[in-house]
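Data block below; observations after.
The values are calculated or read from the model by the stated rules, or taken from the named source; none is laboratory data. Keep in mind the model is a prediction, meaning the values are calculated, not measured. Cβ: placed from backbone, ideal geometry, glycine included. Neighbour counts: every protein chain shown.
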């Protein structure tokens, strides 16, 4: 094998080589730098290793190697009584150096945001990155104080066993593969050994405890990546009002894959402790919402998850690079020197560049097979093109490494000549200046990941391709459709399916034969996206959005919603010349329960109160209900001037009329109900004690009396997911609640009925007083509609009141529930 400095030298024909790891350039971290085998989530602080300690696969092996060194050194040194043998790493002066591995994209984004003044006073929380059991308390204190005082970093010390079990076992063996759609069911896999879960919990708890201990009111807490999925909920339990954001940098799989995890519920609950959960793409956010709905049987809206007493926002925002710092670094003299050497060596050749970690996710095998097919189908190119594949070595999959070696050997044997090798395969990473030089001389970039959260290598390639005058390459990007970056380039890349070797081979040909005009068109489109979605833009977006949703959630919390100001309400009522009341029945005007039970306990007082309100000709009153038209008529038949809304907005009857208006199309309703009933029967047969209630325009799958509630709840989540997937085109949705699944039309709800009522009035004769009262999830849409009327100055006085315990968009609350609302309505009727 060649020395790494000789590899890029002129007249060097070798097809493979090894690069020792060297320090990167200052200021910028390689965006896709890989996490060390022995590290974990968060930020890493690397210390120099002992000279005689070789890298180990796990932290425990590293610790054992360290013990052997200590034992050997102790034999060589004089024995000192009553003095503990020192750790060889700390026998001399020690310093703190920047980590060259970890989440480089995150690091660069934070630095760019700080440089632009978007954020300041950043305090990071992380591990040191090596075994610490052998360190005494004094040394730990020295490390902790130095990192906090000089680097604004809080150190989390955990047991070596916790760190090894957390990262090497649970994260690497179970979480990482599954998040990338690799279900760990291989016979050699140890993913079924869930004993490592306790280590994952322990390390997450250590992080949470460190944050809670150092938290100050007003701090914003950001938690990053799959290593710390439990931390948001752990912090939320101690800091109920904290502003917490969580961002997942990897992909998030479909619910079918995620449900394979034994501790799936605990992981989802952990993430949902945040105010905002962020993902790289809308696809991953959708998968997360779908998974929460299915596994937790909670209501998943388009923008978040409705829990029992609070709402968690879910958002997608792709991370980017720091173009300004990257441009500065790629103009360094050392980068120019490497560019010159490589241009001399590959003079007259077309260079395709690729850089990946050699694992089962990055698609290196698929890329090489596609390239081999390209050479076989296009023999005229084999003497004119070179694929430089940088593959970070790994011990994860020896079988994959062996297969890749066979492909490399085969390509060399078939297509190499005395003067040219079409494939340069490097089994170790290269220095950052060499990496930047490669990106600038390349004619194309090839990324064939089987699944990847984003992939910022293509972003860096695009920045580096924009040289000066004749140096502008504007090379095409061959990009797997399963990377997050593919979602933002909108077809400007050469999209490939990594499982389709024919498409990979064809993409190589198109990239090499593309004319200058087409290259320019595609490049400009990609560059515009890269320059827009920068790391600084991503950080600013996340910070702003978290602040916004935190404020919204705080206002929606029942503890924050002010009590209804009755004197103010009466004053607005007296000033109103045309008043509109829209009042929910179940749980608002009467205690929630079956229709017959509600009628027996509450109807007389409710009817009398509504009669008193309607005695004033300036008042128009509608009662909205989730019940059928027959049941609503049975309850309110004694109040003739009362307007009625049935089945959550699907039916409307004006006051004084016997005619009902049905909003959903009858024919379409019959068709979708027939299809959904077949699905529901499947689940009724599997959930003992469940049953289906059929209304005119909706269906309800009840499981409150199921023999095994936990099992029934899981089936309910599956049921809702099944119906939502099958009936999206029919404009039907399934909403899981605590004890049922409600299947109803997407286009009609209580707010559409309320809007229909309001829009009947001529603009000059609209109500100038509006009061809406409710208590449940289906009333929130009416609160939102009423709030918009207020914000747009359509109605002068708008009062929205919730009598429920859940978080709400209502502007006021009544803590004494239905009794308090009836009392308030009675007071109004007397003025």
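In this structure, does residue 733 turn out to be under 37 Å from the mean Cα position of the chain (by Cα) and part of a loop (DSSP other than H, G, I, E, B)?
no
Can you pull out the residues in the stretch 734-748 that are surrounded by fewer than 23 Cβ atoms within 10 Å (Cβ to Cβ) and in contact with a helix residue (DSSP H, G or I) (Cβ under 6 Å, 6 or more places away or on another chain)?
Listed by number, the list holds a single entry, 748.
Listed residues 298, 385; which is under 30 Å from residue 552 (Cβ atoms) and touching a residue at least 40 places away in the same chain (Cβ under 8 Å)?
298
If you take the residues of the stretch 774-797 that are over 29 Å from the mean Cα position of the chain (by Cα) and part of a loop (DSSP other than H, G, I, E, B), which of them is surrounded by the most Cβ atoms within 10 Å (Cβ to Cβ)?
Checking each candidate, the answer is 775.
Please enumerate the residues belonging to the stretch 478-500 that are closer than 18 Å to residue 514 by Cα and part of a strand (DSSP E or B).
Those that are closer than 18 Å to residue 514 by Cα and part of a strand (DSSP E or B): 478, 479, 494, 495, 496.
Just checking: which of the strands (runs of 3 or more DSSP E) contained wholly in the stretch 595-705 hold 2 or more residues that are over 38 Å from the mean Cα position of the chain (by Cα) and surrounded by 14 or more Cβ atoms within 10 Å (Cβ to Cβ)?
By residue number, 619-624, 643-646, 651-653.
Confirm whether residue 261 is assigned to a helix (DSSP H, G or I) and crowded, with 17+ Cβ neighbours inside 10 Å. Reasoning before the result, please.
Numbers: assigned to a helix (DSSP H, G or I): no; crowded, with 17+ Cβ neighbours inside 10 Å: yes.
So residue 261 fails the test.
If you take the residues of the stretch 238-257 that are at pLDDT below 95 and part of a helix (DSSP H, G or I), which of them is surrounded by the most Cβ atoms within 10 Å (Cβ to Cβ)?
Selected residue: 255.
If you check residue 762 against the conditions, is it closer than 30 Å to residue 655 by Cα, out of contact with any helix residue (DSSP H, G or I) (no Cβ under 7 Å at 6 or more places or on another chain), assigned by TED's automatic domain parsing to the domain that holds residue 577 and crowded, with 19+ Cβ neighbours inside 10 Å?
no
Give the residue that is surrounded by the fewest Cβ atoms within 10 Å (Cβ to Cβ), with candidates limited to residues of the stretch 125-150 that are within 22 Å of residue 219 (Cα to Cα) and in contact with a helix residue (DSSP H, G or I) (Cβ under 8 Å, 6 or more places away or on another chain).
Checked the stretch 125-150; the qualifying residue surrounded by the fewest Cβ atoms within 10 Å (Cβ to Cβ) is 125.
Out of the stretch 285-325, which residues are part of a helix (DSSP H, G or I) and more than 30 Å from residue 804 (Cα to Cα)?
Passing the criteria: 287, 323, 324, 325.
Which of the residues spanning the stretch 326-346 are outside any loop (DSSP other than H, G, I, E, B) and in contact with a helix residue (DSSP H, G or I) (Cβ under 7 Å, 6 or more places away or on another chain)?
Answer for the stretch 326-346, where residues must be outside any loop (DSSP other than H, G, I, E, B) and in contact with a helix residue (DSSP H, G or I) (Cβ under 7 Å, 6 or more places away or on another chain): 326, 327, 329, 330, 334, 335, 338, 339, 342, 343.
Does residue 441 qualify as being assigned by TED's automatic domain parsing to the domain that holds residue 391, in contact with a helix residue (DSSP H, G or I) (Cβ under 7 Å, 6 or more places away or on another chain) and at pLDDT below 95?
When the stated conditions are applied, residue 441 passes them.
Quick test for you: out of 508, 425, 461, pick the one residue that is assigned to a helix (DSSP H, G or I) and farther than 30 Å from residue 226 by Cα.
That would be 508, the only listed residue that is assigned to a helix (DSSP H, G or I) and farther than 30 Å from residue 226 by Cα.
Which of (1) in the same structural domain as residue 455 (by TED's automatic domain parsing); (2) touching a strand residue (DSSP E or B) at 6+ places or on another chain (Cβ under 7 Å) does residue 317 not meet, given it meets every other one?
Unmet condition: (1).
Pick from 449, 487, 495: which is over 23 Å from residue 381 (Cβ atoms) and touching a strand residue (DSSP E or B) at 6+ places or on another chain (Cβ under 7 Å)?
When all the criteria are applied, what remains is 449.
When the residues of the stretch 305-349 are filtered to those that are within 23 Å of residue 780 (Cβ to Cβ) and touching a residue at least 40 places away in the same chain (Cβ under 8 Å), which remaining residue is surrounded by the most Cβ atoms within 10 Å (Cβ to Cβ)?
By that ranking, first place goes to 312.
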